[in-house]
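This report concerns only the one structure given below.
What follows is calculated from the coordinates using simple rules that are stated; it is not laboratory data. Here the structure is a predicted model, which is why all the values come from computation and not from measurement. Please note: Cβ atoms are built from the backbone with ideal geometry, for glycine as well, and neighbour counts cover all protein chains shown.
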Amino acid sequence: MRVCFQLQVRQDRLAEYKDRHAHVWPELLVALHATGWHNYSLFVRDDGLLIGYFETPSLEAARAGMAATEVNTRWQTEMAGFFEELDGRAPDEGFLVLEEVFHLEDQLPKRRSDE
């Protein structure tokens, strides 16, 4: 499944947020991959609007897998102060999942395998 999500980074912390993601802990990268977060990307606008995208067999399993790791607990604790409107939730629990309404590969005509 493809997952796209939204968060709001505090504008006054945007530069630091970008710097943190230029230096993500190697053990966090390994944990993300091992728990099903694949093709993971983050995009941010100058006003702090953050859009994330990843592919996973199961959003619930990917979240649960990361929640069970110590490195994720440390990362989420450090990153929580960068975001607005989390209402006490960790960033990976507080993001708004966006509904997918179009995917090109799903819309292309099916080709017969004997062509």
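Check the stretch 19-30 and report whether any residue there is surrounded by 17 or more Cβ atoms within 10 Å (Cβ to Cβ) and within 19 Å of Gly94 (Cβ to Cβ).
Scanning the stretch 19-30 turns up no residue that is surrounded by 17 or more Cβ atoms within 10 Å (Cβ to Cβ) and within 19 Å of Gly94 (Cβ to Cβ).
Just checking, how many residues over the stretch 1-37 are of a type in the set (S, T, N, Q), within 12 Å of Gly48 (Cβ to Cβ) and not in a strand (DSSP E or B)?
Number of matching residues: 1.
Matching residues to (1) outside any helix (DSSP H, G or I); (2) more than 14 Å from the chain's Cα centre (by Cα); (3) within 15 Å of Phe5 (Cβ to Cβ):
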| position | (1), (2), (3) |
| --- | --- |
| Phe54 | yes, no, yes |
| Ala62 | no, no, yes |
| Asn72 | no, no, no |
| Trp75 | no, no, no |
| Glu78 | no, yes, no |
| Leu86 | yes, yes, yes |
| Arg89 | yes, yes, yes |
| Glu93 | no, no, yes |
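Would you confirm whether any residue within the stretch 93-106 is touching a residue at least 24 places away in the same chain (Cβ under 8 Å), in contact with a helix residue (DSSP H, G or I) (Cβ under 6 Å, 6 or more places away or on another chain) and of a type in the set (Gly, Ala, Ser)?
Among the residues of the stretch 93-106, not one is touching a residue at least 24 places away in the same chain (Cβ under 8 Å), in contact with a helix residue (DSSP H, G or I) (Cβ under 6 Å, 6 or more places away or on another chain) and of a type in the set (Gly, Ala, Ser), which makes the answer no.
Quick one: which of Phe54, Phe43 is surrounded by 17 or more Cβ atoms within 10 Å (Cβ to Cβ), under 30 Å from Phe102 (Cα atoms) and out of contact with any helix residue (DSSP H, G or I) (no Cβ under 7 Å at 6 or more places or on another chain)?
That would be Phe54, the only listed residue that is surrounded by 17 or more Cβ atoms within 10 Å (Cβ to Cβ), under 30 Å from Phe102 (Cα atoms) and out of contact with any helix residue (DSSP H, G or I) (no Cβ under 7 Å at 6 or more places or on another chain).
Pick out the one residue from Gly36, Gly48 that is free of Cβ contacts under 8 Å to residues at least 40 places away in the same chain, more than 10 Å from the chain's Cα centre (by Cα) and on the phi > 0 side of the Ramachandran plot.
Gly36
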